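Heads up: the structure comes next, in structure tokens.
Throughout, read-outs are computed from the coordinates displayed, never taken from laboratory work. What you see is a predicted model, and the numbers here were worked out from it, not measured in a lab. All Cβ positions, glycine included, derive from the backbone under ideal geometry; neighbour counts span all protein chains shown.
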Amino acid sequence: MNKIFLFIFLIFIATGCATKKIDKEQCKDIYGYFTKAKDCLALKFESSNPKKYKKYKEQHNLILNALADQVYENTIDNGQAWTIYEDIILEFTKSKNKTAYLENVLDKYN
């Protein structure tokens, strides 16, 4: 009987770890540099609301690349890139017309 409870407990723990979302702070802590955290941030964005945000995936990735390009070109520094990205995501979640918002952001930073 104890083995069954242990087995169920382990399954519960494994399932909980597998579905844990990666947040922006984890990406920042793991990679440090915005340019290296692009894949982590893309995964975080997609997993935050897969059904709703799937249609914004491509625009989000283009924004990540545009910000990373500005870091590479020394237009902005690493800290500024993280701050700008945080502001973009915050405003994205608040915006009513998300497509138009992402297009405006992409025009601004591309």
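For the reader, a short list of remarks on this structure follows.
- Some residue of region 76-87 being more than 21 Å from THR35 (Cα to Cα), in contact with a helix residue (DSSP H, G or I) (Cβ under 7 Å, 6 or more places away or on another chain) and of a type outside the set (Ser, Thr, Tyr): no
- If you go through region 30-55 and keep only what is farther than 24 Å from ASN78 by Cα and either of a type outside the set (S, T, N, Q) or surrounded by 15 or more Cβ atoms within 10 Å (Cβ to Cβ) (or both), you end up with PRO50, LYS51, LYS52, TYR53, LYS54, LYS55.
- Of all residues in region 84-99, those being more than 15 Å from GLU58 (Cβ to Cβ) and either exposed (fewer than 13 other Cβ atoms within 10 Å of the Cβ) or among the acidic types (Asp, Glu) (or both) number 8.
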